[in-house]
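What follows is one structure encoded as structure tokens, with my remarks underneath.
The values are calculated or read from the model by the stated rules, or taken from the named source; none is laboratory data. If you're wondering where the values come from, they're calculated on a predicted model, not measured in any experiment. We place every Cβ from the backbone using ideal geometry, glycine too, and count neighbours over all the protein chains shown. Ligands, DNA and RNA are excluded from the accessible area calculation, which covers all protein heavy atoms including side chains. Shrake-Rupley method; radii C 1.70, N 1.55, O 1.52, S 1.80 Å.
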Amino acid sequence: AIILVHWLLTVWGCMNFMLPLSYAWGNFSVLAVGIWAIVQRDSLDAITMFLTGLLLTVLTDIIHISIFYPSHDFLSDAKRFSIGMAIFSLLLKPVSCYLVYRMYRERGGE
């Protein structure tokens, strides 16, 4: 569910090309690592890399949104929706990090 929600929000956040390609590459690559963590349920490395990637994308998302947020004069409804979904994804990431950390603990992480 974490992967699906963040994938959908990232797709919606990238709709208007307002955020740079590094936003999409960063988020989609972390989601790919998340798929790896789902497939290999016994791998502690996969879940560790997914958790680390989620934490790093929190920082990079803050930077991307703060730098590339358009001024009020250039905001259309589609751009508002797109940036809103990117912000919503950013706000959900700490919850996702907590859930992934619980999975890490269940797999034997310390």
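Values as computed for the structure displayed
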| read-out | value |
| --- | --- |
| Listing of helices (runs of 4 or more DSSP H) fully contained in the range 1-99 that carry 3 or more residues being among the small types (Gly, Ala, Ser) and open to solvent by less than 50 Å² (accessible area, probe 1.4 Å) | 21-39 |
| Evaluation of Ile62 against (1) at pLDDT 90 or above; (2) closer than 18 Å to Ile2 by Cα (one fails), failing number | (2) |
| Members of the range 100-110 found to be in a helix (DSSP H, G or I) and open to solvent by less than 100 Å² (accessible area, probe 1.4 Å), listed by number | Val100, Tyr101, Met103, Tyr104 |
| Enumeration of residues in the range 36-77 that are of a type in the set (Phe, Trp, Tyr) and touching a Leu at 6+ places or on another chain (Cβ under 7 Å) | Phe68 |
| Ile3 modelled with pLDDT of 90 or more, closer than 29 Å to Gly109 by Cα and not acidic (Asp, Glu) | no |
| Candidates Val33, Val95 - the one that is free of Cβ contacts under 8 Å to residues at least 12 places away in the same chain and closer than 30 Å to Glu106 by Cα | Val95 |
| The range 89-102, residues that are among the hydrophobic types (A, V, I, L, M, F, W, C) and touching a Leu at 6+ places or on another chain (Cβ under 6 Å) | Cys97, Val100 |
